[in-house]
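Laboratory data are not the source of any read-out in this text; all were calculated from the coordinates shown. What you see is a predicted model; the values in this text were computed from it and never measured. Note that we place each Cβ from the backbone using ideal geometry, even for glycine, and neighbour counts take in every protein chain shown.
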Amino acid sequence: MRVEVKLDAKGKGYRQLNSEVRQALEAGATQILLDGVNGHYYLGAGLRGNQRLVVNGTPGNDTACYLDGPEMVIYGNAQDGLGNTMNNGRVIVHGGAGDVLGYGMRGGELFIRDSIGYRGGIHMKEFKEKCPVIVIGKSAGSFLGEYMAGGRIVLLGLDSPEGQIIGRHCGSGMHGGCMYIRDTVDRDLLSPDIMNVPLSKSDEAFIRMCVSRYGEYFGLAVEQLPAGSFLKLVPRGNRPYARLYAGV
Amino acid sequence: MEKEGRVRIPSGCAVAGIVNLQGEVFGAGDIIQSIACMHDRSNGLGGGFAGYGIYPELKDYYALHLFYQSPLAREQTEAFINQVFTVKDCGPIPIKKNPRITDVPGIWRYFALPDPARLEECSDTEEEYVMKCVMQINRNIPGAFVASGGKNMGAFKAVGYPEDVADFYRLEDYRGYLWMAHGRFPTNTPGWWGGAHPFTLLDWAVVHNGEISSYGANRRYLEMHGYHCGLQTDTEAITYLFDLLIRKHRLPVRVALGILAAPFWDEIEQMEESAKRTWKAIRAVYGSALLNGPFSIIIGSSHGMIAMNDRIKLRPLVAAEEGDYVYVASEESAIRAICPNPERVWAPRGGEPVFGLLKNKEVSIADSPVVARAV
């Protein structure tokens, strides 16, 4: 049974708003609509289950942190730390996101319509069947995939008039996982810690799946989506700093 | 009360700024609301504001804002001020009691000009003269601290949350064309009134979120050029560096910013030959003015507002434009709290300055040699 609850965030602090969300879920809500959100931290923090949260506005830092199952749809830009240490579930952002997107993320999916800030996917990781996925529509700031230990990042590079869809030091310290980046990028921007390898059939199928779901979530027709080739960037080794402090 | 440098408190901060590019004045309500939106970024150990254009009736006088920890400090300072300045007007800065603002010092202001005979005697420019007087008060009179001393501007700061500080100083009674604010979460040093942001010198005011690990090198460099860094705090050093590079060395503003957040050597290597030579020279000459470590700063002056991050963006900064207004803040929500749908919202890249410089001729940076030589 579908039970929808509406909450108005205006004039409320984030503690109160988060507690109202938890109370509504405990009372059996399956979908919560949050209006007037502006800067409220930790929305969706640690929530478990298969409910849906729809956020209108600009949610605060660390939205969807420790999220463990629910789907969050955000109509607006997300700030820093979206999906911090997220474990399961999905966040769909009709806008952009700030720095340290998906920090230490260990499961679930982030779909970002526009661009993201610095250090997207920093230290995300995977274990057995848990493999987090970040799909970004436009461009990413410097240090994309920094210290990445697992998971998948897909960067589509739509609408990027300046050509460069990543910043400097992409994949710096990366030692696990994989980034699929639309091939428009200057190789100097890639960290020496990573290398480009050919796409396998299953890579191509995975990218196609992500692209088509991106189109579905954001209402874009197939011809508006990238058809060009992608780089597959993987770490050169699993210990990028093995020799950093070594004697030789 | 423990002073700066005696205690280390590990910990973020909030910064916000608004400027009207036409130089039209507006109330402090927006900046208060913007910084209050980020309440939890600070911890009540420091809040402050700077406003430009707030003293139109006395705009040609240096407005000295003073903190006094004792009647003796005031007595000594006023004797000094009367000696070196001609005071046009003075009095306590109007405040109202706020239960959350305690240990209130004496808070006075003086509208003054350098004593003509004394200024004539020394070979300093008027600004240099005022700067030296301010540094003498801060250095030599125990219990006295100059919070700001520029023309037609003022800093209002205290130990407390920014919204309480605004209430305490009756900030709603002022109107300015540029407002900046800070909510402090002190790192390394305890919260005290003088240590709250903004830090100021002459026309400059700086608010800062971050930590400058090059502080020692910057301080030694500044001391060679006659600046006394007495507060043990990195933001003070940033303020003086700006004064040195732009007011004293008359460097183009983009060059000054490129000194504080210099291009990396590998980026310089990729530049075309003439730019490569220029930036190599700049880095060689001004290496000691490089700010290392995480920061987002807002620099206010009568020219307008500039905001910038460290080169690899270790602190947050968001900017927006709407009509004649430019906004910057640590969080997008702090801008949307007062301007729900700006025409443009963006996150500047590391080391990429956001300019909110006034277009108004009378006060525009365009009339100064600073921009005439800009790169």
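A few comments on the model shown:
- Peptide A:99-108 shows a mean partner chain C-beta count of 1 within 10 Å per residue C-beta.
- Two-site label geometry, residue A:203 and residue B:104: point separation in nm, points 7 Å out along Cα→Cβ: 6.7 nm
- Computing FRET efficiency as 1/(1 + (r/R0)^6) for residue B:139 and residue B:360, where r is the C-beta to C-beta distance and R0 is 41 Å, gives about 0.70.
- Violating pairs (Cα-Cα greater than 31 angstrom) within the set A:10/B:96; B:59/B:97; B:151/B:276; A:12/B:96; A:125/B:280: B:151/B:276; A:125/B:280
- Think of each Lys and Arg Cβ as +1 and each Asp and Glu Cβ as -1; about the Cα centre, that makes the dipole of the protein assembly as shown roughly 1480 debye.
- Taken along the Cα-to-beta-carbon direction at a fixed 7 Å, the label points for residue A:244 and residue B:324 span 5.1 nm.
- Between helix A:201-218 and chain A: long-axis angle, C-alpha atoms, 0 to 90°, nearest 10: 30 degrees
- Near residue A:47, once Lys and Arg are set to +1 and Asp and Glu to -1 for all other residues with Cβ below 9 Å from its Cβ, the sum equals +1.
- For residue B:12, neighbours were defined as the other residues whose beta-carbon sits under 15 Å from its Cβ, and their charges (Lys and Arg +1, Asp and Glu -1) total -4.
- Overall form of segment B:132-202 per C-alpha gyration tensor (a/c, 1.5; a/b vs b/c): oblate
- Legend: mean number of C-beta atoms from other chains within 10 angstrom of residue C-beta atoms, peptide B:346-352, equals 4.
- Cα gyration tensor category, rounded, prolate or oblate, for segment B:1-123 with a/c compared to 1.5: oblate
- The convex hull around the C-alpha trace of segment A:4-235, projected and averaged over every direction, spans 11.8 square nanometres.
- In terms of the mean number of neighbouring beta-carbon atoms within 10 Å, the peptides A:65-77, A:208-220 order highest first as A:65-77, A:208-220.
- Lysines with Cα under 16 Å of residue A:201, excluding same-chain neighbours fewer than 8 positions away: A:232
- Estimated 222 nm signal from helices in chain B, with DSSP H stretches of n ≥ 4 weighted -39500 (n - 2.57), rounded to 500: -7500 deg cm²/dmol
- Virtual paramagnetic centre 7 Å along Cα→Cβ of residue B:90, amide N under 18 Å, in segment B:99-122: B:105-119
- The Cα atoms of segment A:88-148 give a gyration tensor whose axes a ≥ b ≥ c have a/c of 1.5 or more with a/b no greater than b/c, which makes the shape oblate.
- Relative to the dominant Cα principal axis of chain A, helix A:14-26 is inclined by about 70°.
- Packing, taken as the mean count of other beta carbons within 10 Å per residue, orders the peptides A:89-95, A:238-244, B:129-135 from highest to lowest as A:89-95, B:129-135, A:238-244.
- For segment B:47-59, the Karplus equation 6.51 cos²θ - 1.76 cosθ + 1.60, evaluated at θ = phi - 60°, returns couplings of x, x, 9, 10, x, 10, x, 8, 10, x, 5, 10, 5 Hz by residue, with Gly and Pro reported as x.
- Whole-Å distance, taken between Cα centres, linking segment A:64-112 and segment B:137-186: 38 Å
- Inter-part distance where segment B:28-63 and segment B:247-274 are each reduced to a Cα centre, Å: 31 Å
- Nearest-20 debye value, segment A:4-235 charge dipole, Cβ charges on Lys, Arg, Asp, Glu: 400 debye
- Near residue B:226, once Lys and Arg are set to +1 and Asp and Glu to -1 for all other residues with Cβ below 11 Å from its Cβ, the sum equals -2.
- Length released on extending from residue B:344 to residue B:25, taking residue separation times 0.36 nm less the Cα-Cα span: 112.6 nm
- Among the listed pairs B:132/B:248; B:88/B:132; A:130/B:313, those beyond 23 Å (Cα-Cα): A:130/B:313
- Expected 222 nm ellipticity per residue - DSSP helices of 4 or more, -39500 (n - 2.57), all of chain A, to 500: -4000 deg cm²/dmol
- Residues whose amide H falls under 5 Å from that of residue A:168, counting only those 5 or more places apart or on a different chain, are A:142, A:143, with hydrogens built in the peptide plane.
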